[in-house]
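The values are calculated or read from the model by the stated rules, or taken from the named source; none is laboratory data. The shown structure was predicted, so the numbers you read here are calculated from the model rather than taken from an experiment. We place every Cβ from the backbone using ideal geometry, glycine too, and count neighbours over all the protein chains shown.
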Amino acid sequence: MTMNSQGRPSTPAGADTAIPETVTGNRGLQIEEALIFEQDSPGRCGVDLPEVPATPMRLGAVKPRARVGLPGLSEPQVVRHYTRLSQKNYSIDTGLYPLGSCTMKHNPRLNEKMARLPGFADVHPLQPESTVQGALELMDALAHWLKTLTGMPAVTLAPAAGAHGEMAGMMAIRAALDHRGEAGRTRVLVPESAHGTNPATAAALGFSVDPIPAGPDGRVDLAAMTAKLGPDVAGIMLTNPNTCGLFERDIRAIADAVHGAGGYFYCDGANFNAIVGRVKPADLGIDAMHINLHKTFSTPHGGGGPGSGPVVFSEALAPFVPVPYVVHDSNGFRLVEGNGQGTAFGRMKAFHGQMGMFVRALAYILSHGADGLWQASGDAVLNANYVMARLQDTLTASFEGPCMHECLFDDRFLKGTGVTTLDIAKALIDEGFHPMTMYFPLVVHGALLIEPTETESKAGLDQFVLALKSLAVRAKEGDVAYFQGAPRLTPRRRLDETAAARKPVLRWTPAAEPALAAE
Amino acid sequence: MRYLPLTEADRHQMLASIGVSSVDELFRDVPQAARRSGPVEGLPNFAGELEVERQLSAMAAKNVAVGSVPSFVGCGAYKHHVPATVDYMVQRGEFLTAYTPYQPEISQGTLQVLFEFQTQVALLTGMDVANASMYDGATSCAEAVMMANRLTRRKKAILSGGLHPHYRDTTTTDARFIGFEAVAMPAAPRGGEDLVSLIDADTSCVVVQNPDVFGHVRDYTDLAQMCQTKGALLIVVVTEAVSLGLLTPPGEMGADIVAAEGQSLGNALNFGGPYVGLFAVKEKYVRQMPGRLCGQTVDADGRRGFVLTLSTREQHIRREKATSNICTNAGLCALAFSIHLSLLGEEGFTKLARINHVKAVQLADRLSGVKGVEVVNETFFNEFTVTLPRAAAGVVEELAKRRILAGVPASRLFPNGKNGGQLEDHLILAATETTTESDMDALVKALSEVL
C-alpha cells in the first residue's frame, strides 16, 4: 500500500481501481472540448472595442454584410479552449519525436524571444529601406552564414518552405537550360527513395520524371543512373544524406556524370542537419540545394508550418536566382525587388521571405557557433547509430551502417506475426513516444525510419529502445490483438480515415442543416 | 553547449556500443575531400543567450517599428492590434513544437484547430469549404489559377490591373515555368478596366482583388455571371481579411475560388513573413484543391475526431501526379488567425471592420483638405490612393526622416514602364483600428509642410 505524506492510505484496501466511463467523457487531465461553434452565445465577445461613430460609408455599390456567422466567446473561454486542445497534442516539448526525415529537435525559446523583438516583428515589408536597415542586415547575415556553411557562392532566402525551395531550384535549372538554348532537356532523374515533393516539383514544372532504382546498399545505383543520362536530361534530384539515412558515397561520380552529360545536380537538403558544420556541399558537386530552416536550424514546426526554404546555388546557377534579394553597397543594404533584371526570375511569393524564421535560424547559428554545429551534427549521427546498434538484434535494419542522422528498419522482423509497422507505431504511442516515420522511404517494405536528433539524451534513447524492443518481442509472441487495439491511452483511439475520405466533412455546419459533403 | 544533452562519458559509452572509436568514423562514407578538418572557420564558437540577444537586439534597434511611429503602410500587410491571448496561446509548446499531424490519436489539438480554421475561413469568404492554409496570399493566388486551369482544361488566366503586383508576379512566375498563359492588365489606379471582353474560349479564369491594391471596393456579381457564361472561373483575391467583416463576401458575389492573405488576423507584420494564405472554393471543386485538408471522422470507440484527409491529392502519396508539390501549410499562423477570430467572434469582427472603415474615411477626409493632395478613390475599405503634386517616393522618404511612415508609393509596386508605370505621384495609405487622431494630425501637418 502506498501512503501519502500525512500517513493516510492513498488507495484504501478494496477500492475499485478500474478506469471508469465518466459522465462528462472527461478523463482527469484529458478534457473533452467542443468546437468553438458549439460554444456560441450571440452577443458575447472576447475583445473590447470602442463604439463606432456613425459615418457615411464609402462602399459604393457594395452592400455592407449582414452576417458572417462566427461564434461569440469570452476571453476565458477562448483561453480554456486552446489550452485544452493543446493538451491533446504530442510535441517535441513533451518527449522524443523520432520522425525520420522530419527532424524534430528542440526549439530554443531564445529564438522565439528574438523573433518577437518589435524591431523584427513589428516592421512592415514595404517601409522605406532607410527604416529597415537592421532587418536587411539580418537577412544578409543569414545569407552569409548559409553560404559559408555550404561553401556555395549564392543563396536565395525567398522560398516559403522546403518544397517551395525545390521549386526555386528547379526553376533556376530550367532558366539556365533555356538560357543555354537547351529547352529540349526535359527529363529529370529522381531516385525511388526521394521525398514525394521531388517528383511532384519536377512534374509541376513540366519535366518528365525518370526514377532511378536503389542499389542493394540503399544508394543510387551508379551504373543504372549513368545509363539513363542523355541529351534530354535536365539534371538529377538527389537527397543526400538520402532518406535511408545513408550518405551517397558515389556522390562526386554522380555529379561528374550528370555535369558531363550537360545536366545540373539538384540536392534535396532536407537532411543537411546530419552534416552541417562538418561537410561542405560545395565540395560534392551540387548546383542547387534547399535548406529547411525548421529542420537544420530548429525553427518550430508549429503543427505543419510555417516553413522556410532558402536555396544555395553554384556559380553556374547563381545568375538565375529569384527576386527579391539583398545587396550591400556604400549606401547600406538594399533590396533588389523588380524582376526582369538580367537573368533573375520571380517573384515566388509576396514580400521578402519568411523573416520570422530567418531571425530564429540566425539565433540558432550564433548560439551554436562553429564548435556547437560541429558537435550538433556529430551528436545527431552518434544518436542515430546508437539506436541502430541497440536495435540491431531485435529489429531488421535495411542496410548496413554506419548511418547518418537516421536509421532505417523494415518489417522483416514482423514476418509471420500478423503485426504491421502501423501496429508497432500505434503501440509505441501508448508507451509515450511519438512514432517514427512509417512506410517511408518506399524502397524497403514496411519502413520504420528513426531520427532521434542531437537534442535527445542517452537515457531518453535507452528508454525508447527498451520500449521498441519489448514491443518487438511481444509481436513475435503473437499478441496480435494487443497491437491491433492500440493505442488505448490516447485522447482518441484509431480514427477512421477511410470514412473521412469517402464522405468528407470539412467544416462545421449548424445541426439543423445537413452536413456538407463533397460529391 | 546548452542544447546538447550528451556528456563526454555518454559519447564514449555510445561509441563503444556501436563498435567504433570516434564520431569521425561514422562519417566514413563522406568523401574525404568534402569533410572539414575542423569547425567552420570564420564563425565564432558557441555563445550564451545574453551574447546572442545583444547581437540580434542591435540589428532590431536599427529598424523603425511600425508601432513606435504614425504609420499608414498597407498594400497587402496590415498593422492590427493582436490581443495578448493570441501570442500566449500560440507559444504553448504543444502547438509550437508539434509536427504535421500524421498520428491523429496524439494530434487532435492541431487537427481540431484546423477544422475550426477551415470553417472560419469558409464563413469569412462566404464559400463552401476552405483548406488548412497556404504559404501566403500570393502563392494562394497562383495555386488558385493553376486549379482553375485543371478544372476548365484551359490555360489562360486574366489578371486584373487592380491585383497586387506581388500576387501578379508570383502567378506569372508559375505561368512561365509551369506553362500557362497569364495576361496581366496594366495598373488600374482608377479602375474602369474591361475584363469581360478579354474572356475567350481559352480563358480558365479571371483574377480580381477586392478591395483592390489601390483600395477600391467593387461588386463582382456581374463579372461572376459573365465568367460562368463563358466557361471561365472567377477568382477573387483578398489581401485585407478584416474587410470581410464589412463587405459582401466573394462567395455571395459568385466567386469560384477565393485566395486571400490572413496576416491581418493574429499575425505580426514580421517584415513580410511568415503569413498565412487562405484558400476557399465551391464544394464541387474540393477534390482539385491544393494543400492540406482536415476532415471529421470517428475513432474506434465511436467518438468524434479529426484527421488529415483526401491526401490522395498530395505529393507524399501521388508523387509526380499530385495536384501541387506543397508539403507544409502555415499551421502556426493559421492557429494565430483562428484564435484572434475566436476572440473577436461575430460582434467583434464586424465591429473591427467598421472601425477600420471609419478610420480610413476620417483619414481620407483629412487628406483631401491638404493642398495638392487628391483622393483618387470614391470607394474603399481601410486603404485608398491619393495623388501628390510630386513623386510620392521622395515624399515618403522625407516623412520617414520625420519618423512618419506615410504609406506605399505606387512606384515601389509598379516600377516605371512596367504594367502601366507612370504612377510616381500616387501614394497608397491605410488606416486601421491602431490609427489615432494624433497619427493623422502628424501626417497632415508633415504633408502640408513638405508639399
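Would you mind listing the helices (runs of 4 or more DSSP H) fully within segment B:365-451 where at least 3 residues are under 18 Å from B:Val213 (Cβ atoms) and touching a residue at least 12 places away in the same chain (Cβ under 8 Å)?
Hits in segment B:365-451: B:392-401, B:410-413.
Of the residues that make up segment A:311-329, is at least one within 12 Å of chain B (Cβ to nearest Cβ) and in a loop (DSSP other than H, G, I, E, B)?
Yes.
Starting from residues that are within 7 Å of chain A (Cβ to nearest Cβ) and either assigned to a helix (DSSP H, G or I) or touching a residue at least 40 places away in the same chain (Cβ under 8 Å) (or both), keep the ones in segment B:40-52 and report whichever is farthest from the chain's Cα centre (by Cα).
Only one residue fits best here, namely B:Phe46.
I'm trying to understand the selection: among the residues of segment B:91-111, which are surrounded by 22 or more Cβ atoms within 10 Å (Cβ to Cβ) and more than 7 Å from chain A (Cβ to nearest Cβ)?
Passing the criteria: only B:Leu111.
Restrict the check to segment A:215-235 and report whether at least one residue is under 20 Å from the mean Cα position of the chain (by Cα) and closer than 30 Å to B:Ala33 by Cα.
Within segment A:215-235, the first condition is being under 20 Å from the mean Cα position of the chain (by Cα), and the residues that meet it are none.
Checked segment A:215-235: no residue is under 20 Å from the mean Cα position of the chain (by Cα) and closer than 30 Å to B:Ala33 by Cα.
Any residue in segment B:26-39 that is without any contact (Cβ under 8 Å) to a residue 24 or more places away in the chain sitting within a Cβ distance under 6 Å of a residue that is assigned to a loop (DSSP other than H, G, I, E, B) and surrounded by fewer than 19 Cβ atoms within 10 Å (Cβ to Cβ)? List the pairs, counting only those 6 or more apart or interchain.
Taking only residues 6 or more apart or on different chains, the pairs are B:Asp29/A:Arg249.
Tell me which residues, restricted to segment A:187-217, are of a type in the set (A, V, I, L, M, F, W, C) and either over 15 Å from B:Arg318 (Cβ atoms) or part of a loop (DSSP other than H, G, I, E, B) (or both).
Within segment A:187-217, A:Val188, A:Leu189, A:Ala194, A:Leu205, A:Phe207, A:Ile212, A:Ala214 qualify.
Here are the criteria: (1) surrounded by fewer than 24 Cβ atoms within 10 Å (Cβ to Cβ); (2) over 19 Å from the mean Cα position of the chain (by Cα). Tell me which single one B:Arg412 does not satisfy.
(2)
So, A:Ile286, is that one touching a Pro at 6+ places or on another chain (Cβ under 7 Å), within 19 Å of A:Pro153 (Cβ to Cβ) and in contact (Cβ under 8 Å) with a residue 24 or more places away in the chain or not?
no
Please pick out the residue among A:Gly303, A:Gly378, A:Gly369, A:Gly338 that is buried (at least 24 other Cβ atoms within 10 Å of the Cβ) and facing chain B (nearest Cβ under 9 Å). Spell out how you get there, then give the answer.
Working: A:Gly378 fails: buried (at least 24 other Cβ atoms within 10 Å of the Cβ); A:Gly369 fails: buried (at least 24 other Cβ atoms within 10 Å of the Cβ); A:Gly338 fails: buried (at least 24 other Cβ atoms within 10 Å of the Cβ).
From the options A:Gly303, A:Gly378, A:Gly369, A:Gly338, the qualifying one is A:Gly303.
Assess whether A:Asp393 counts as being among the charged types (D, E, K, R) and either within 7 Å of another protein chain (Cβ to nearest Cβ) or crowded, with 24+ Cβ neighbours inside 10 Å (or both).
So A:Asp393 fails the test.
Residue-wise test of (1) within 30 Å of A:Val279 (Cα to Cα); (2) under 25 Å from the mean Cα position of the chain (by Cα).
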position	(1), (2)
A:Gly418	no, no
A:Lys426	no, yes
A:Leu442	yes, yes
A:Pro452	yes, yes
A:Arg502	no, no
A:Arg507	no, no
A:Pro510	no, no
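What number goes with the only condition from (1) at pLDDT below 95; (2) more than 7 Å from chain A (Cβ to nearest Cβ) that B:Ser22 does not pass?
Only one criterion is unmet by B:Ser22, namely (1).
Can you tell me which residue within segment A:218-232, out of those that are part of a loop (DSSP other than H, G, I, E, B) and among the charged types (D, E, K, R), is farthest from A:Cys407 (Cα to Cα)? Before the answer, list the steps.
We begin by selecting, within segment A:218-232, every residue part of a loop (DSSP other than H, G, I, E, B); these are A:218-219, A:221, A:229-232.
Next, only the ones that are among the charged types (D, E, K, R) stay: A:219, A:221, A:232.
On the way: A:Arg219: 14, A:Asp221: 20, A:Asp232: 35 Å.
If we take residues in segment A:218-232 being part of a loop (DSSP other than H, G, I, E, B) and among the charged types (D, E, K, R), then A:Asp232 is farthest from A:Cys407 (Cα to Cα).
Would you kindly identify the strands (runs of 3 or more DSSP E) lying entirely within segment B:239-338 that contain at least 1 residues that are within 7 Å of chain A (Cβ to nearest Cβ), touching a residue at least 24 places away in the same chain (Cβ under 8 Å) and over 30 Å from B:Ala65 (Cβ atoms)?
Where strands (runs of 3 or more DSSP E) fall fully within segment B:239-338 and carry at least 1 residues being within 7 Å of chain A (Cβ to nearest Cβ), touching a residue at least 24 places away in the same chain (Cβ under 8 Å) and over 30 Å from B:Ala65 (Cβ atoms), they are B:294-298, B:304-308.
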